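I have placed the structure first, in the form of structure tokens, so that the comments after it can refer back to it.
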Amino acid sequence: MISVVRRYYAYRATLTNGFYLPVSVIYMEAQGLGLAEIGFVQGVFLFGMVAGELPTGYLADYLGRRRTLALGNAVTATVMAGFVFASSTAAFTALFLLWAVAWTLRSGTSDAWLYELLAKAGLDDEFARLSGRAESVLLVVSAGAALTAGVLYTVDPALPFVANAAVAALGLPILFTLPRTGEIRDDEPTMTVRRAVSLLRSQFTRPSIGWLVVYAALFNVVFSVTRVFEQPALREVGVPVAGLGVVYAGFKLVSAAATGAAGAVQDRLGTRGVMLSLIPIFGVLYASFAVVPLLLVPAVFARRAVSQLVRPVRNEYLNDRLDDVGRATVLSGVSMVLSLASGAANVLGGRVAEGIGPVSFLAATGVAVSVAAAVLWLLTSPVRDEPTTASPSPVESTEPSPNAGEP
């Protein structure tokens, strides 16, 4: 098991976009795209993810986890190589759409593979800890790649993209050394799109899942708008443009430390404590820089750390309430909801941020979400301590189960 987990960590390292991210905008500008066109193609990516989540989650349940993850790496390598030759808005739009497909092939599927592997060994309670460590490996590799991206770009603007393509391709042989999970057996019902939609409906209407997804979507709004508007906000409080690269490398390292601590924090606070703590953390953090703008700097670092720490805890909670058949479909459905919330907030928030300034906008968003989340928690109890057997769905069985329904 130790060897398999280490290979999984190596695979996760090949998902880095560290070579690409620090130079992506200036590269597209050098190819003749203006900021409006760059914003458009990145918007295409976000909503492409929303459109692709359900079909690719279904595909993961149909093909099996390992094959789907391999397809995601292959598409990513193709996209990164395609950046070398792209020189128009149409070309970049096509690449970002394809990249959205690659991204959704991995979302949910990677976590589903790890959880099922651990569950077979009776180690499913180790999911948050091992998932957090895998994310830490990815973030550390991304930080190192980000520090070299600028140097590679000065040598040849194509080199960062070639490097990212090579790393993504390296994931293919690693993946095929990992055991299979999530394969559909001959005696199981075939997953179809209709069954996938029915599965999502049955699971999202369960209070223990549906309200947790709504609660998570609220904080995903904070995570997303902060990521989009933090650069102009940091510049507004005095951080120079030249210092942003160092700040972003620091983001990766802080996030790596946070994800590595996910299991320990969950053991100390429990899932309920981790999720509930988001309300005071973000309420206080975002209110603080409304009063003292320079407190934005530690707030954006804390935002990165908390979001990375919460993800494996949230996903373990969801995994505990799902069966193997349809697991990736439901997790991809969750990602779809979170992406929709983020996309809508980014589109609407841009105009508000222009009107009141990015610092005031982020502060107001964080406080408003914390208040809304507190009300939701009091009314619905989104994190519920209940038996972790998922209720049956049309995909799994047409017979009633003794564990069906909510307590």
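Every read-out reported here was derived from the displayed coordinates using simple, explicitly stated rules and does not represent laboratory data. Given the structure is predicted, the values throughout are model-derived calculations rather than measurements. With ideal geometry, Cβ positions are generated from the backbone for all residues, glycine too; neighbour counts draw on all protein chains shown.
Some notes on this structure:
- A Gaussian network model of the chain, with springs between Cα atoms under 10 Å, assigns the largest mean-square fluctuation among ALA305, ALA102, ALA264 to ALA264.
- Shape category assigned to the chain from the gyration tensor of Cα positions, a/c cut at 1.5: oblate
- Residues LEU138, LEU218, LEU105, arranged from fewest to most other Cβ atoms within 10 angstrom of their Cβ, appear as LEU218, LEU138, LEU105.
- Full-stretch length increase - VAL151, ARG7 - with 0.36 nm per residue and alpha-carbon distance subtracted: 48.9 nm
- Taking amide H as placed 1.01 Å from N in the peptide plane, the amide H of PHE19 sits under 5 Å from none that are at least 5 places away or on another chain.
- ARG180-THR380 FRET efficiency (beta carbon distance; Förster radius 35 Å; 0.05 resolution): 0.40
- Kyte-Doolittle mean at least 0.5 and Cα axial length at least 30 Å: DSSP H helices in the chain: 35-63, 127-155, 207-236, 262-291, 327-356, 358-380
- Between the listed residues TRP211, LEU69, ALA146, the Cα displaced farthest toward the positive end of the dipole of the chain, a dipole computed from Cβ unit charges relative to the Cα centre, is found at ALA146.
- Theoretical FRET efficiency, 1/(1+(r/R0)^6), r = Cβ-Cβ of ILE26 and THR78, R0 30 Å, to 0.05: 0.85
- Assigned charges on the beta-carbon of Lys, Arg, Asp, Glu; the stretch 50-171 dipole about Cα centre (debye): 220 debye
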